[in-house]
Protein chains: 2
Amino acid sequence: MSERREFRELTDPDVAHEIVDDLELDPAPERVSLTDARGRVLAERVDADLDVPGFDRASLDGYALRAKDTFGADEVDPARLDVIGVVHAGAEPDVELGEGEAVEISTGAVMPPGADAMVPVEQTDEERVDGQRTVLVRTAVAPGDNVMLAGADIAAGERALGPGTRLTAREIGLLSALGVNEVSVRGKPTVGIVSTGDELVRPGEPLNSDAGQIYDVNSYTIATAVEEAGGEPVLYPHAGDDYEEMERILIEAGEECDLVLSSGSTSASAVDVIYRVIEDRGELLLHGVAIKPGKPMLVGELPGGAYVGLPGYPVSAMMTFRVFVAPLVREAAGLPEPDSATLTGEMATEIRHDQGRRRLMPVGLVENAHGDRLVYPVDKGSGATTSLADADGLVTIGAETDYLAAGESVTVTLFSPDVRPPTLFGVGEDDPALSRLLDRLSNPRYLSIGTRQGLRRLREGVPDIVVTSGSASVDVEHEVLATWKREWGLIVPAGNPEGIEGIPDLVDRDLRLINRTTDSGLRTTLGEAVAELADERGTTRHELVESIDGFELAARAHESPARKVAAGAGDAGLGLRATATKLDLEFVPLGTETVRLLGNSDRMGKAGMSELRDALTAADSVLDGLAGYQ
Amino acid sequence: MSERREFRELTDPDVAHEIVDDLELDPAPERVSLTDARGRVLAERVDADLDVPGFDRASLDGYALRAKDTFGADEVDPARLDVIGVVHAGAEPDVELGEGEAVEISTGAVMPPGADAMVPVEQTDEERVDGQRTVLVRTAVAPGDNVMLAGADIAAGERALGPGTRLTAREIGLLSALGVNEVSVRGKPTVGIVSTGDELVRPGEPLNSDAGQIYDVNSYTIATAVEEAGGEPVLYPHAGDDYEEMERILIEAGEECDLVLSSGSTSASAVDVIYRVIEDRGELLLHGVAIKPGKPMLVGELPGGAYVGLPGYPVSAMMTFRVFVAPLVREAAGLPEPDSATLTGEMATEIRHDQGRRRLMPVGLVENAHGDRLVYPVDKGSGATTSLADADGLVTIGAETDYLAAGESVTVTLFSPDVRPPTLFGVGEDDPALSRLLDRLSNPRYLSIGTRQGLRRLREGVPDIVVTSGSASVDVEHEVLATWKREWGLIVPAGNPEGIEGIPDLVDRDLRLINRTTDSGLRTTLGEAVAELADERGTTRHELVESIDGFELAARAHESPARKVAAGAGDAGLGLRATATKLDLEFVPLGTETVRLLGNSDRMGKAGMSELRDALTAADSVLDGLAGYQ
């Protein structure tokens, strides 16, 4: 067994933050055209180079004139002026006004020489006699009235936008007013991402599961998170655990990028190889942080740029990036963290924590009927990639904190500023009709944790809805929002080669069943059917279960047993007629069971609940066309 | 004068919202690679197509074994198993376990056949005798311990992500785990932008101000706002007021885009031309809305797509887009408005409103020392492009509301979700040293409205700081944060061709002065110097002022008089030595005046104020290298 490196002295997390913050990413400013400038950050101040407007400008449609020619004019005794010409917007005046004269003028046109005010058309009448135009002005105006003087909006030499300004629509509008079509903006820090581990395969390429291959998750998660923080990710070819290859890739990435992140492998040997490259070729600043997760974090300098090694598990990598690295990238990009990137909520359940170490806890968010945000921990195990999508962010728990009470206020660091907490949070049984129902909601979250676990969560008061199947009794206040029936049975290969007709075949013959996990309501339903058969036969349920090969062999999702049967891993799988139809397998019906969609009584007033009710009462039912549903 | 169309029946704004919302933009879904998917919205549900992990996976480094071989094992009496092989991550096991056997295994590696559990290395010791490896297992494990079963994370057939899901880092992580490298996302609605008006010039092109040309602001503002709302802007060539040309461009844009916006012109004739094109070639759905601004808004259908005409003034166009059109674009893009796009605050001052019509009021935001957001109206006149940058968003005031009290709570619709309200809000005198100081702050807003207006705003309690010059007395509580002295005088052409030595030259000779506006503290200082001269001569200030040609000819910003002198528009301009130096002009000193940077006493605790104090006490002074400063 290779020597395994022990992390003896873990760095204090606050010190680790300082070390990371001190890394120098210094992207060079670049010039971009105005049409590419959105979201960028000005590298330097922009002063106005010209007056806006560049001329004295009529603010309305009407007549340009000399203010003193209107003194004393009113409705009863209008001033009468000769109209000696017209100025349209975008045209140079070709007349000069004298006493008693006026010029017709359009909004935005140049005030003709000699005019010092204008009167809007609504306060005038025009007479035309033998081609001679006369305007009757029914109001008196002062010099400057209805005229925007040159430079009145912004004058040449004025400070228009400061360095560090993030360019949104309004700033781009101001720049275009100044005639600026190119600006100097802060460069985006380039972040090289080196994924490590021999087992990783890029999405889209074929996967050999038998050889333990898995798709690379961290490279894509972190690349996206780099973009969200204002950086420019660069994906490097996959590095195995080989020293030479790792050295070559890390050095190359360090030379080409402002920051290099490695991520992907959970293998100690890959981490060891990186550690040695950094020690040999660069400088190691930190190895291991007293935070969970984050213990294996590495920080150093490569010849060309800074380096941070993230933990291998997806949720750990994401949280470590978010807490330690995203602020560094944002700082280099000149983009402060948006207010929307953190929010406060109250713990939905209590949390006990006896780490004696600071902890980053992935959490989900759910709103109650009053719009208060409740925070609940998400823990599917650190290897789970789905917990990335099941969590909205993280809560940092101090080393000295061993208990968070339900109702306690906590700050949630969202994974991305764009993360939208769900509009409706459901848990329980998985079901094809339910999936269709969820498709009709704007932003639901649903965790398929089975009937039993679902009901437990409802008792804790966290989810908005729970979906049960079978005859489970519900010992917590709830409202029944919908029920439907689904046909269940055994899914067998096309043509039913073993001629399976029901449970007795499984008990009496040498056939292999693929069952669901104990959390599944469908397994409970099967168990009840087995118990019934036991009654008929005058034996025990246990006895029969023992003689069904594979009764304990559990598969997680509603399609899993059928897929295993299709793959030849069993003779029959517990499942639904709809699944058999979808996967072109044969179905042996054993009965129908009821699926119940139950609402948390405290949440009936939520907007997401109204949307759910609308979806349930829509003209086209989610059951339409699903085999075996009613 | 051309016939001007009157808007006789204005549509109710709520009805206008319905008409706009009913426009059908239906961008076709597109397939994008995972690396381009950030921020996009899933067009359809993504179900898992494979189990994750795809195999039973060791969760830790250690030994794979049969659980029952460890029954009863503990520290005192460890189980002894033969180590018959090794499985690394990413490798296919080449051994099958029998009774009493173990296999060394890495985190993430495939569990070898025969093994049903694993023990972490920390709970073992290994002995090696003559090449024969034996592991001593100091704990008992149950089947499944430290193993992540195939599909435990997500199982084939499970619903992974629903339609309408916005893809952030976490969702992209989940997709990559599923091996998905391309997804079907909702198309971005294409929005054609047709700018109208003969007077508009694209930024970067030369401008003829004498001919009333101005830079096109709306096209760029609206294009950016379209992107911010999730659409794809397409800028069309400029259309003049010619019917044929307008028709051709509108029809082309309608065929190529989901939505066409026209914007840019404030001229009634351009609007008339568009109106006729829509009537002749498409369908006019709405003309004029009972909202200020928005009266000239047009809504219709072109042969190929929907059409909305925005008002011509930049702030009006922006507000109308934000309130009426952005929701339509967002809806088509599948992107709900982020929570950060609206916020609440309380009115900093009272507002009287006697429109009898709904009104969109541009507003700025400032935080007080307690972190409460104060909202103040921004009104530089509807033609001003700078008010775009001086405002953070808008407040909608109902037609029935004629008064908003100071302290009243209002909802602010931000121009963009990314708009960051300023960290410090200042008003008052403009000054080169102040501009440098502002450059050192993270996100200040400063309005150059002169000393007098600045002090008025301070009395109203709105700004954080005010900058005064000259001897203005301050009759409101404040703290003096900094003072500096600047040399002022007359700026004359290089070589001082008229040999100007001081104010007497202006009074006694036929010379033309370019003064500052009455709001400027510098003008007050000049006025005081003239009054002193009047005393010496035993005459009145008024008398002397009358004999200075151009004393009333005001220019807005501190560089404006100097620039006008440089352009030959005057013989001397009121200004600062620093400006003369910067613009390579000659300077005739008349005195020094004091610039005072005053803090609003109620705001001294703000974070922005600390940043200001840090900038003021920085080692390198903002005065360094500025001519005439001390």
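Screening segment A:304-323 for residues that are out of contact with any Asp or Glu (no Cβ under 7 Å at 6 or more places or on another chain) and of a type outside the set (A, V, I, L, M, F, W, C) and picking the one that is nearest to A:ALA253 (Cα to Cα) gives A:GLY309. Among residues of segment A:564-586 that are of a type in the set (Val, Ile, Thr), those with a beta-carbon under 6 Å from a residue that is in a loop (DSSP other than H, G, I, E, B) at least six positions away or on a different chain give the pairs A:THR579/A:GLU559; A:THR581/A:ALA627.
Every condition in (1) farther than 21 Å from A:GLU158 by Cα; (2) within 12 Å of chain A (Cβ to nearest Cβ); (3) not acidic (Asp, Glu) is met by B:ALA529 except one, and the failing one is (2).
To keep it simple, each residue is scored yes or no on (1) closer than 30 Å to A:LEU310 by Cα; (2) acidic (Asp, Glu); (3) within 8 Å of another protein chain (Cβ to nearest Cβ).
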position	(1), (2), (3)
A:ASP145	no, yes, no
A:GLY151	no, no, yes
A:ALA169	no, no, yes
A:ILE172	no, no, yes
A:VAL185	yes, no, no
A:GLY192	yes, no, no
A:SER195	yes, no, no
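The set of residues in segment A:459-500 being in contact with an Asp or Glu (Cβ under 9 Å, 6 or more places away or on another chain) and either without any contact (Cβ under 8 Å) to a residue 12 or more places away in the chain or over 25 Å from A:LEU574 (Cα atoms) (or both) consists of A:ARG459, A:GLY461, A:ASP464, A:GLU477, A:PRO497, A:GLY499. What's the total number of residues in segment A:405-438 that are acidic (Asp, Glu), touching a His at 6+ places or on another chain (Cβ under 9 Å) and open to solvent by 10 Å² or more (accessible area, probe 1.4 Å)? Of the residues in segment A:405-438, 1 are acidic (Asp, Glu), touching a His at 6+ places or on another chain (Cβ under 9 Å) and open to solvent by 10 Å² or more (accessible area, probe 1.4 Å).
If we only count strands (runs of 3 or more DSSP E) wholly inside segment A:140-245, which ones have 1 or more residues that are farther than 30 Å from B:ALA555 by Cα?
Working: elements: A:159-161, A:182-185, A:190-195, A:232-235.
Hits in segment A:140-245: A:182-185, A:190-195, A:232-235.
Each residue in segment A:76-125 was checked for being under 59 Å from the mean Cα position of the chain (by Cα), assigned to a strand (DSSP E or B) and of a type in the set (A, V, I, L, M), and 8 pass. Taking the conditions (1) open to solvent by 10 Å² or more (accessible area, probe 1.4 Å); (2) more than 14 Å from chain B (Cβ to nearest Cβ) in turn, A:LEU360 satisfies each one other than (1).
One line per residue, one yes/no per condition, for (1) in contact with a Gly (Cβ under 8 Å, 6 or more places away or on another chain); (2) among the polar types (S, T, N, Q); (3) within 12 Å of another protein chain (Cβ to nearest Cβ); (4) open to solvent by less than 10 Å² (accessible area, probe 1.4 Å):
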residue	(1), (2), (3), (4)
B:ASP242	no, no, no, no
B:LEU250	no, no, no, yes
B:ILE274	yes, no, no, yes
B:LEU285	yes, no, no, no
B:PRO303	yes, no, no, no
B:PHE324	yes, no, no, yes
B:ARG330	yes, no, no, no
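Here are some residues: A:GLY204, A:GLY179, A:GLY162. Which one is at positive phi and surrounded by fewer than 21 Cβ atoms within 10 Å (Cβ to Cβ)? Of the residues listed, the single one that is at positive phi and surrounded by fewer than 21 Cβ atoms within 10 Å (Cβ to Cβ) is A:GLY204.
Restricting A:LEU60, A:LEU42 to those that are at pLDDT below 95 and within 14 Å of chain B (Cβ to nearest Cβ) reduces the list to A:LEU60. Among the residues making up segment B:252-268, a single one is at pLDDT 85 or above and within 14 Å of another protein chain (Cβ to nearest Cβ): B:LEU261.
Residues are listed down the side, and each one gets a yes or a no for (1) under 16 Å from A:THR518 (Cβ atoms); (2) out of contact with any helix residue (DSSP H, G or I) (no Cβ under 8 Å at 6 or more places or on another chain); (3) more than 10 Å from every other protein chain (Cβ to nearest Cβ); (4) basic (Lys, Arg):
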{"position": "A:GLY450", "(1), (2), (3), (4)": "yes, no, yes, no"}
{"position": "A:ARG456", "(1), (2), (3), (4)": "yes, yes, yes, yes"}
{"position": "A:GLU460", "(1), (2), (3), (4)": "no, yes, yes, no"}
{"position": "A:ASP464", "(1), (2), (3), (4)": "no, no, yes, no"}
{"position": "A:ALA472", "(1), (2), (3), (4)": "yes, no, yes, no"}
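Could you list all residues from segment A:211-227 that are at pLDDT 95 or above and surrounded by fewer than 24 Cβ atoms within 10 Å (Cβ to Cβ)? Hit for segment A:211-227 is A:GLU227, nothing else.
The residues of segment A:303-344 that are without any contact (Cβ under 8 Å) to a residue 12 or more places away in the chain and part of a helix (DSSP H, G or I) amount to a single one, A:ASP339.
Only residues that are within 20 Å of B:HIS558 (Cα to Cα) and open to solvent by 50 Å² or more (accessible area, probe 1.4 Å) were counted in segment B:502-518, giving 2.
Number of residues in segment A:86-140 that are open to solvent by less than 30 Å² (accessible area, probe 1.4 Å) and on the phi > 0 side of the Ramachandran plot equals 3.
In segment B:439-451, what residues are of a type outside the set (S, T, N, Q), touching a residue at least 40 places away in the same chain (Cβ under 8 Å) and surrounded by fewer than 19 Cβ atoms within 10 Å (Cβ to Cβ)? Scanning segment B:439-451 gives a single hit, B:ARG440.
Out of B:ASP77, B:ASP47, B:ASP26, B:ASP12, report the one residue that is touching a Gly at 6+ places or on another chain (Cβ under 7 Å) and either under 30 Å from B:LEU310 (Cα atoms) or open to solvent by 30 Å² or more (accessible area, probe 1.4 Å) (or both). Break it down stepwise before answering.
Values: B:ASP77 fails: touching a Gly at 6+ places or on another chain (Cβ under 7 Å); B:ASP26 fails: touching a Gly at 6+ places or on another chain (Cβ under 7 Å); B:ASP12 fails: touching a Gly at 6+ places or on another chain (Cβ under 7 Å).
The match here is B:ASP47.
Taken over segment B:387-400, the residue count meeting the criterion of being facing chain A (nearest Cβ under 9 Å) and open to solvent by less than 10 Å² (accessible area, probe 1.4 Å) is 4.
Residue-wise test of (1) without any contact (Cβ under 8 Å) to a residue 24 or more places away in the chain; (2) under 15 Å from B:SER184 (Cβ atoms); (3) of a type in the set (D, E, K, R).
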position: B:GLU18; (1), (2), (3): yes, no, yes
position: B:ASP22; (1), (2), (3): yes, no, yes
position: B:SER33; (1), (2), (3): no, yes, no
position: B:ASP36; (1), (2), (3): yes, yes, yes
position: B:VAL41; (1), (2), (3): no, yes, no
position: B:GLU44; (1), (2), (3): no, yes, yes
position: B:LEU50; (1), (2), (3): no, no, no
position: B:PHE55; (1), (2), (3): no, no, no
position: B:LEU60; (1), (2), (3): no, no, no
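Within segment A:480-500, the set of residues being assigned to a loop (DSSP other than H, G, I, E, B) and surrounded by 11 or more Cβ atoms within 10 Å (Cβ to Cβ) comprises A:PRO493, A:ALA494, A:ASN496, A:GLU498, A:ILE500.
Would you confirm whether or not segment A:123-133 contains a residue that is out of contact with any His (no Cβ under 6 Å at 6 or more places or on another chain) and within 8 Å of chain B (Cβ to nearest Cβ)?
Let us first name the residues in segment A:123-133 that are out of contact with any His (no Cβ under 6 Å at 6 or more places or on another chain), namely A:123-133.
After this cut, where a residue has to be within 8 Å of chain B (Cβ to nearest Cβ) as well, the list is A:126.
Within segment A:123-133, one or more residues are out of contact with any His (no Cβ under 6 Å at 6 or more places or on another chain) and within 8 Å of chain B (Cβ to nearest Cβ).
A count restricted to segment A:278-294 and to residues that are at pLDDT 90 or above and not in a strand (DSSP E or B) stands at 6.
The condition (being within 25 Å of the chain's Cα centre (by Cα) and aliphatic (A, V, I, L, M)) is satisfied by just one residue among B:ILE251, B:ILE222, B:ILE278: B:ILE222. For segment B:609-627, taking the residues that are of a type in the set (Gly, Ala, Ser) and out of contact with any Ser or Thr (no Cβ under 9 Å at 6 or more places or on another chain), the one that is surrounded by the fewest Cβ atoms within 10 Å (Cβ to Cβ) is identified as B:ALA619.
The values are calculated or read from the model by the stated rules, or taken from the named source; none is laboratory data. The model shown is predicted, which means the values in this text are computed figures rather than measured ones. Every residue, glycine as well, gets a Cβ built from its backbone with ideal geometry; the counts of neighbours run over all protein chains shown. Heads up: the accessible areas ignore ligands, DNA and RNA and are worked out on the full protein's heavy atoms, side chains in. Shrake-Rupley method; radii C 1.70, N 1.55, O 1.52, S 1.80 Å.
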